[in-house]
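The values are calculated or read from the model by the stated rules, or taken from the named source; none is laboratory data. Keep in mind that this is a model prediction, so the values were computed, not measured. Using ideal geometry, Cβ is built from the backbone for each residue, glycine included, and neighbour counts are taken over all protein chains shown. The protein model used for the area step is the full one, side chains on, heavy atoms only, and it has no ligands, DNA or RNA in it. Shrake-Rupley method; radii C 1.70, N 1.55, O 1.52, S 1.80 Å.
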Amino acid sequence: MRSDSVKQGPERAPHRSLLRAVGCSDRDLNQPFVGVVNSYNEIVPGHMHLDRIASAVKDGIRAAGGTPFEASTISVCDGIAMNHAGMRFSLASRELIADSVEILAQAHAFDALVLIASCDKIVPGMLMAAARLDLPAIIVSGGPMLAGELDGQSLDLNSAFLGVGAYARGQIDRAQLERIERACCPGCGSCAGMFTANTMNCLTEALGLALPGNGTTPAVTAARLELARATGARIMDLLAQGLTARRILTAAAFRNAITVDMALGGSTNSVLHLQAIANEAGINLDLNQIDALSRSTPQVCKISPSGVHHLQDLHRAGGIRALMAQLASEGRLATEQPTVAGPLAKV
């Protein structure tokens, strides 16, 4: 095990003493060390519940014979950072997140990684780190926020931005704007439309580094906790198989992800992030390749902001696996690709 470098042999007695100080038993020390890197905090709606996700992940790891160690990294809410100096820090945070995951994994000799994130730059940052480290790795998000509702209409964060414009033009009054503000984001999760956060969470499935359902299972459901627990158990299988991130993040995996992205009508920011992740994986992904796939792939879904539907609707329709099955039936995906759930053709 990679973690033997911090726990085996008489010369590692000081290391073991420190590990015992955090509560490790002899059994814990003899099991693989799994880093659970969590971007939980109390200001980002997509991350405010990730403590519960991490707890379920760790339960899954322990049940499958691993020793989990939870550690933290930062997260920035693009919505809160928007329209003031804070937005200068959003994209830069992606690189800090990737670096922090690398530091944690290398300094403590983790054997495998479960990466927990939800929002815009955090998911790409963690995927970049997974590619860079090339360890067995799997990502699980906190899930999408449910859509809000007002006067029989579904709302999301974009409704508030549109409301600001409508108020500025005199189309609604301040009281109506406040009603929208109070209704559009009803609770935890990544904002309910196909914005950058949910686009990237959906693409974790297409890339093969997340279990089915990761992109669309709503944040507030018991199924999200079940998925987190299954993710913790599954990382132990990947470790036993020696299935590392770069064996999954192939050129074909990125082509699959772009195809799914175009079919979803996802955020244009995904181009920026997929190129960065591909670079870490040693894959050349240029704009000409992306453009060619965009021209040949039909848009199958119209999720807010391009339509009236939300992630919960896509989930009810079968989620990303249903979309991928449709694309595969048309010969648009490389179905021989490995994924954390098994060969894509059998998932």
Exercise for the section: Using only Cα atoms, tell me the angle between helix 50-63 and the longest principal axis of the chain; keep it within 0 to 90° and round to the nearest 10. Expected result: 40
Fill in the blank from the handout: Two pseudo-spin positions, 7 Å from Cα along C-beta at Asp291 and at Gln171, lie apart in nanometres by 3.4
Fill in the blank from the handout: Taking a label point 7 Å from the Cα of Arg247 along Cα-to-Cβ, the residues of region 326-347 whose backbone nitrogen sits under 16 Å from it are 336-344
Exercise for the section: Positive end of the charge dipole of region 108-158 (Lys, Arg +1 and Asp, Glu -1 on Cβ, about the Cα centre): tell me which of Ala109, Ser141, Ile122 has its Cα farthest that way. Expected result: Ala109
Completion exercise
Taking a crude spin-label model, label points 7 Å out from Cα along the C-beta direction, the Ala222 to Val164 distance in nm is 4.0
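Could you look at region 135-198 and say what percent of its accessible area is carbon and sulfur, using a 1.4 Å probe and all protein chains?
Details: 1490 of 2940 Å².
Carbon and sulfur: 51 percent of the exposed surface of region 135-198.
What 222 nm value per residue comes from the helices of the chain, counting each DSSP H run with n ≥ 4 as -39,500 (n - 2.57) and dividing by all residues, nearest 500 deg cm²/dmol? Write down the numbers at each step before the final one.
Working: 16 runs with 173 residues, N = 347.
Theoretical 222 nm ellipticity from helices: -15000 deg cm²/dmol.
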Exercise for the section: Please find, in a Gaussian network model of the chain (springs between Cα atoms separated by less than 10 Å), the residue of Ile80, Ile53, Ile180 whose mean-square fluctuation is greatest. Expected result: Ile80
Fill in the blank from the handout: Comparing Ser304, Ser25, Ser100 in a Gaussian network model of the chain (Cα, 10 Å), the one with the largest mean-square fluctuation is Ser25
Handout entry: Span from the region 276-332 Cα centroid across to the region 128-169 one, whole angstrom
Key = 17
Practice task
Please build a GNM for the chain, connecting alpha carbons under 10 Å apart, and tell me which residue among Arg179, Arg229, Arg321 fluctuates the most.
Solution key: Arg179
Completion exercise
Stretched fully, the stretch from Ile103 through Met1 gains (0.36 nm per residue minus C-alpha distance, one decimal, in nm) 34.9 nm
Completion exercise
With the 1.4 Å probe rolled over protein heavy atoms, the chain has an accessible area per residue in Å² of 43
Practice task
Report, to the nearest whole %, how much of the accessible area of region 278-338 belongs to carbon and sulfur atoms, 1.4 Å probe, protein only.
Solution key: 49
Practice task
Compute the acute angle (0 to 90°) between the alpha-carbon long axis of helix 222-241 and the principal axis of greatest extent of the alpha-carbon atoms of the chain; round to the nearest 10°.
Solution key: 40
Handout entry: Separation between Cα centres of region 213-232 and region 11-71, rounded to whole Å
Key = 19
Problem - Within the chain: Cβ-based charge dipole about Cα centre, in debye rounded to nearest 20 (Lys, Arg +1; Asp, Glu -1) - result: 380
Problem - Cα-based helix-to-principal-axis angle, 196-207 vs the chain, degrees rounded to 10 - result: 50
